[in-house]
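Student: Can you read through this structure? Questions will come right after.
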Amino acid sequence: MSTHAKEAQQDLEKAKARSKPLAAVSVLVIGLGFLVFALVLSISYGAAQIDFKTVWQAVFSFNPALTEHQIIQEIRLPRALGAALVGSFLAVSGAIMQGMTRNALAEPSIMGVMDGAALAIAIMFAFAAHVSGFHLMVASFIGAGAGAAFVFAIGSLARGGLTPAKLALAGVTVGAFLSAISSGIAIHFDVAQDISFWFAGGLSGMNWTNIKLIVPVAMIGLLLALALSKSVTVLSLGEDVARGLGQRIFLVKTLGVVAVLLLTGAGVAVAGSIGFVGLVIPHITRGLVGVDYRYIIPCSAVLGALLLVLADLAARLVNAPYETPVGAMTALIGVPFFLYLARSEGRGLS
């Protein structure tokens, strides 16, 4: 084994030593317990409060003749499950992006992924009057990929090459540009009301059809993310270390990007632009379980689901009976966190 390979192996062993498998198990078990509790709260509380006994009966002994059962089965249950799914998708996307790019500020809403998807959806509404959910999802995938590619291209043109800070700056700039184009299309083609839901981010339109649409695609993204977790851990230590360990960097990054596009595209297609979940959750998870992405990715999925379920519940209750966009609730946490990371970004991910 060469000296470089030995040094790379030592770096990997140090990273493994800093991982916390017992903490990861605890996060998964406790997190799932809190997630179930949050789901029950989300189903029970809203414009009309429904007691737990009725919720239980509606879920396990559904009676279509009862209005409360219909509300739970057709509105609240798919909305709560949709929030959990989208939250997990966005959190895992952010974890993969941060690990692959070694950029503490990487996140779908900051790296142009969400804004690209939103632009594609705006174009679909402008030129296709009766667009189906499937076509919206396909457009969302394409737009997400184009937005991310645009950000990386702009960031690479900067003097001195692509650094994490320049990548984040390019993401914010490109995101604002794409958002402006989306707004212009919405106004010019008089579809602003139709796409305002996607711009603000929300789960009020979630239904069983949407869930059936996104689950197969997103499950592929989640399984791909889990399969890549060990490789992402190696990449997060630096490309030199990855090469020293024989990592096929281009293949890993390509598959990682595919996973991010599948997860983010599915989330944006049904819930719009909900930012900062993919920024905050991976950092919290990394602090709890260490730097091994075999633990970070599943724990991020659970904590991301928990965060978005609670954010959606707060969005419904903070100004009842009116709804606050759930994207505004996540921004209350995410913006201060982003500013903190922007100041301390030089300390890196590890």
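The values are calculated or read from the model by the stated rules, or taken from the named source; none is laboratory data. In this text the structure is predicted, and so the values were computed from the model without any measurement. Because the Cβ atoms are built from the backbone with ideal geometry, glycine has one as well, and the counts that use them run over all protein chains shown. Areas reflect the complete protein model, heavy atoms only, side chains present, ligands, DNA and RNA absent. Shrake-Rupley method; radii C 1.70, N 1.55, O 1.52, S 1.80 Å.
Student: Could you give every pair whose Cβ atoms fall below 6 Å, whose first residue belongs to the stretch 280-303 and is touching a residue at least 24 places away in the same chain (Cβ under 8 Å) and farther than 22 Å from residue 267 by Cα, and whose second residue is in a helix (DSSP H, G or I) and among the aromatic types (Phe, Trp, Tyr), counting only separations of at least 6 or pairs across chains?
Tutor: These pairs meet every condition: 289/295.
Student: Go through the residues of the stretch 238-254 one by one and say whether even a single one is closer than 22 Å to residue 28 by Cβ, part of a helix (DSSP H, G or I) and at pLDDT 85 or above.
Tutor: Residues of the stretch 238-254 closer than 22 Å to residue 28 by Cβ: none.
For the stretch 238-254, residues closer than 22 Å to residue 28 by Cβ, part of a helix (DSSP H, G or I) and at pLDDT 85 or above: absent.
Student: Could you please find all residues in the stretch 168-222 being among the β-branched types (Val, Ile, Thr) and modelled with pLDDT of 85 or more? Can you show your working first?
Tutor: In the first step, residues of the stretch 168-222 are kept if they are among the β-branched types (Val, Ile, Thr); the result is 172-174, 181, 185, 187, 191, 195, 209, 211, 214-215, 217, 220.
Residues satisfying the conditions are 173, 174, 181, 185, 187, 209, 211, 214, 215, 217, 220.
Student: Scanning the stretch 109-157 for residues that are of a type in the set (Phe, Trp, Tyr) and closer than 14 Å to residue 257 by Cβ, which turns out least open to solvent (accessible area, probe 1.4 Å)?
Tutor: Looking at residues that are of a type in the set (Phe, Trp, Tyr) and closer than 14 Å to residue 257 by Cβ, I get 141.
Student: Cβ-Cβ below 8 Å, separation at least six or inter-chain, first residue in the stretch 229-248 and buried (at least 16 other Cβ atoms within 10 Å of the Cβ), second polar (S, T, N, Q) and not in a helix (DSSP H, G or I): which pairs?
Tutor: 231/247; 234/247; 235/247; 236/350; 237/350; 244/2
A quick yes/no check of all residues on (1) open to solvent by 10 Å² or more (accessible area, probe 1.4 Å); (2) in a loop (DSSP other than H, G, I, E, B); (3) in contact with a strand residue (DSSP E or B) (Cβ under 6 Å, 6 or more places away or on another chain):
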site: 256; (1), (2), (3): no, no, no
site: 261; (1), (2), (3): yes, no, no
site: 264; (1), (2), (3): no, no, no
site: 267; (1), (2), (3): no, no, no
site: 274; (1), (2), (3): no, yes, no
site: 282; (1), (2), (3): no, no, no
site: 285; (1), (2), (3): no, no, no
site: 294; (1), (2), (3): yes, no, no
site: 297; (1), (2), (3): no, no, no
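Student: State which residue is nearest to residue 85 (Cα to Cα) when the search covers only the stretch 184-226 and only residues that are aliphatic (A, V, I, L, M) and free of Cβ contacts under 8 Å to residues at least 24 places away in the same chain.
Tutor: Out of the qualifying residues, it is 219.
Student: Let me ask you something else. Restricting the search to the stretch 302-318, which residues are under 12 Å from residue 31 (Cβ atoms) and open to solvent by less than 20 Å² (accessible area, probe 1.4 Å)?
Tutor: If the condition is that a residue be under 12 Å from residue 31 (Cβ atoms) and open to solvent by less than 20 Å² (accessible area, probe 1.4 Å), then 302, 304, 305, 309 are the ones that fit.
Student: What's the number of the only condition in (1) within 22 Å of residue 109 (Cα to Cα); (2) in a helix (DSSP H, G or I); (3) open to solvent by 50 Å² or more (accessible area, probe 1.4 Å) that residue 204 fails to meet?
Tutor: Going through the list (1) within 22 Å of residue 109 (Cα to Cα); (2) in a helix (DSSP H, G or I); (3) open to solvent by 50 Å² or more (accessible area, probe 1.4 Å), residue 204 breaks only (2).
Student: Here's a follow-up. Within the stretch 145-160, identify whether any single residue is in a helix (DSSP H, G or I), over 24 Å from residue 301 (Cα atoms) and basic (Lys, Arg), and answer yes or no.
Tutor: No, the conditions are met nowhere in the stretch 145-160.
Student: I've got another one for you. Among the residues of the stretch 2-22, are any part of a loop (DSSP other than H, G, I, E, B), under 25 Å from the mean Cα position of the chain (by Cα), modelled with pLDDT under 90 and not small (Gly, Ala, Ser)?
Tutor: Yes, the stretch 2-22 has at least one match.
Student: Please go through (1) loosely packed, with under 13 Cβ neighbours inside 10 Å; (2) in contact with a Pro (Cβ under 7 Å, 6 or more places away or on another chain) for residue 105 and return the number of the only condition it doesn't satisfy.
Tutor: The number of the failed condition is (1).
Student: Report whether or not residue 79 is in contact (Cβ under 8 Å) with a residue 40 or more places away in the chain, within 30 Å of residue 41 (Cα to Cα), open to solvent by 10 Å² or more (accessible area, probe 1.4 Å) and of a type in the set (Lys, Arg).
Tutor: For residue 79, the condition - in contact (Cβ under 8 Å) with a residue 40 or more places away in the chain, within 30 Å of residue 41 (Cα to Cα), open to solvent by 10 Å² or more (accessible area, probe 1.4 Å) and of a type in the set (Lys, Arg) - is met.
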